[in-house]
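Worksheet for the structure shown next.
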């Protein structure tokens with residue numbers, strides 16, 4: 001039971017943007033992927049969720065090859081992708097945004113337990129919320145679909161570090177329920193601190209794959225990850 005990528009290559013335009021990536025994301029584990037802008041991290045997430053095609057390699061969910069599945073089929077298989085940019089419906093209330101994904105009352109109550117800040121804003125148009133609260137709505141909507149594997153691309157984008165730090169314990173709690181999380185993140189020290197596995201992607205290839213502790217204890221290696 002895991003999400004397994006084997007030798008995945010993604011082409012865009014005239015050539016590969018990322019190539020030869022292999023990783024295994026187990027239920028309940030958090031893997032953080034870091035690297036410079038343009039390294040191919042977003043393209044890899046998009047290949048897993050079905051937004052773009054893989055050129056070579058295989059992607060399996062719990063032993064099943066999903067390469068021929070479209071995005072909706074992959075979502076039904078348990079892969080949920082939180083893309084950059086906090087995609088919300090600003091004129092809809094917090095409740096309405098989340099209920100677009102699911103009207104399950106127990107699941108809705110669980111989401112509010114993760115984000116109690118949203119309870120007092122439940123009837124407010126989401127466009128009036130702060131950036132941090134909007135990100136809570138986006139994550140809540142993703143969790144409402146009951147994912148097996150959650151792909152999150154730059155959750156901290158546009159947020160202050162203190163707000164991002166508020167969200168990290170939620171990811172840990174969600175992972176503890178058995179959800180595997182693949183996180184692409186610019187606040188590397190914070191994200192690696194809650195992770196069990198780490199990848200550095202540079203120039204479209206994995207330059208490091210190992211324990212997050214190795215990166216956290218080696219500033220030069222972590223700096224190199226961002227400089228490519």
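Here are a few things to note about the model shown:
- Within segment 190-217, considering residues that are assigned to a strand (DSSP E or B) and touching a helix residue (DSSP H, G or I) at 6+ places or on another chain (Cβ under 8 Å), the one farthest from residue 23 (Cα to Cα): 202
- Residue that is farthest from residue 153 (Cα to Cα) [pool: residues in segment 51-84 that are in contact with a helix residue (DSSP H, G or I) (Cβ under 9 Å, 6 or more places away or on another chain) and touching a residue at least 60 places away in the same chain (Cβ under 8 Å)]: 61
- Qualifying positions in segment 1-33 - within 10 Å of residue 56 (Cβ to Cβ) and buried (at least 16 other Cβ atoms within 10 Å of the Cβ): 8, 9, 10, 11, 16, 19
- Segment 104-131 - residue that is in contact with a helix residue (DSSP H, G or I) (Cβ under 6 Å, 6 or more places away or on another chain) and closer than 27 Å to residue 50 by Cα and, of those, surrounded by the fewest Cβ atoms within 10 Å (Cβ to Cβ): 107
- Scanning segment 23-50 for residues that are touching a residue at least 24 places away in the same chain (Cβ under 8 Å) and part of a strand (DSSP E or B) yields 23, 25, 30, 31, 32, 33, 34.
- Residues of segment 118-132 include none that is under 18 Å from the mean Cα position of the chain (by Cα) and either within 20 Å of residue 179 (Cα to Cα) or modelled with pLDDT of 95 or more (or both).
- Counting the residues of segment 72-99 that are surrounded by fewer than 14 Cβ atoms within 10 Å (Cβ to Cβ) and within 24 Å of residue 178 (Cα to Cα) gives 3.
The values are calculated or read from the model by the stated rules, or taken from the named source; none is laboratory data. Just so you know, these numbers come straight off a predicted model, no measurement behind them. Note that we place each Cβ from the backbone using ideal geometry, even for glycine, and neighbour counts take in every protein chain shown.
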